[in-house]
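The structure appears below as structure tokens.
The values are calculated or read from the model by the stated rules, or taken from the named source; none is laboratory data. Predicted model only: the values in this text are computed from it and were never measured. Note that each Cβ is placed from the backbone with ideal geometry, even for glycine, and that neighbours are counted across all protein chains shown. Quick note on the areas: whole protein, heavy atoms, side chains included, nothing else; ligands and nucleic acids left out. Shrake-Rupley method; radii C 1.70, N 1.55, O 1.52, S 1.80 Å.
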Amino acid sequence: QVQLVESGGGLVQPGGSLRLSCAASGISFSIYRMGWYRQAPGNARELVATITRGGNTDYADSVKGRFTISRDNAKNTVYLQMNSLKPEDTAIYYCNARIISLATNGYWGQGTQVTVSA
């Protein structure tokens, strides 16, 4: 039984910080490419950041310099540290686990709401 459980979302003021966590179970975590995606109302789901099994990271241009993705294989957890938050960061944030070579969508969590507002 595979589960991805996001946590850490909430309401924060512009310029503030938040750290999201995604705890995985039921998979061999260390072999998966992990990613964070987000979806705002009326928008398509977009990639925010990814981290490979080897620790290589990639970021959307809109979050470069503000967000940092990391993983702790011993804890089967991936994190997204979000700094200098903007109202346009408001979205539901989803965790994804995928083996790229399988060309599948992988596994998804239920999402956690991030709201950036004064």
If a residue must be at pLDDT below 95 and open to solvent by 90 Å² or more (accessible area, probe 1.4 Å), how many such residues does the range 104-118 contain? 2
Within the range 1-21, identify whether any single residue is exposed (fewer than 11 other Cβ atoms within 10 Å of the Cβ) and modelled with pLDDT under 95, and answer yes or no. yes
Can you confirm whether residue 82 is in contact (Cβ under 8 Å) with a residue 60 or more places away in the chain, among the aliphatic types (A, V, I, L, M) and farther than 17 Å from residue 2 by Cα? yes
Restricting the search to the range 93-103, which residues are open to solvent by 60 Å² or more (accessible area, probe 1.4 Å) and part of a strand (DSSP E or B)? 98
If you go through the range 73-85 one residue at a time, do you hit one that is out of contact with any helix residue (DSSP H, G or I) (no Cβ under 7 Å at 6 or more places or on another chain), open to solvent by 50 Å² or more (accessible area, probe 1.4 Å) and either charged (D, E, K, R) or assigned to a strand (DSSP E or B) (or both)? yes
Just for the range 22-42: of the residues that are assigned to a loop (DSSP other than H, G, I, E, B) and either in contact with a helix residue (DSSP H, G or I) (Cβ under 6 Å, 6 or more places away or on another chain) or open to solvent by less than 50 Å² (accessible area, probe 1.4 Å) (or both), which one is nearest to residue 54 (Cα to Cα)? 32
In the range 49-67, is there at least one residue being open to solvent by 70 Å² or more (accessible area, probe 1.4 Å), closer than 22 Å to residue 102 by Cβ and in a strand (DSSP E or B)? yes
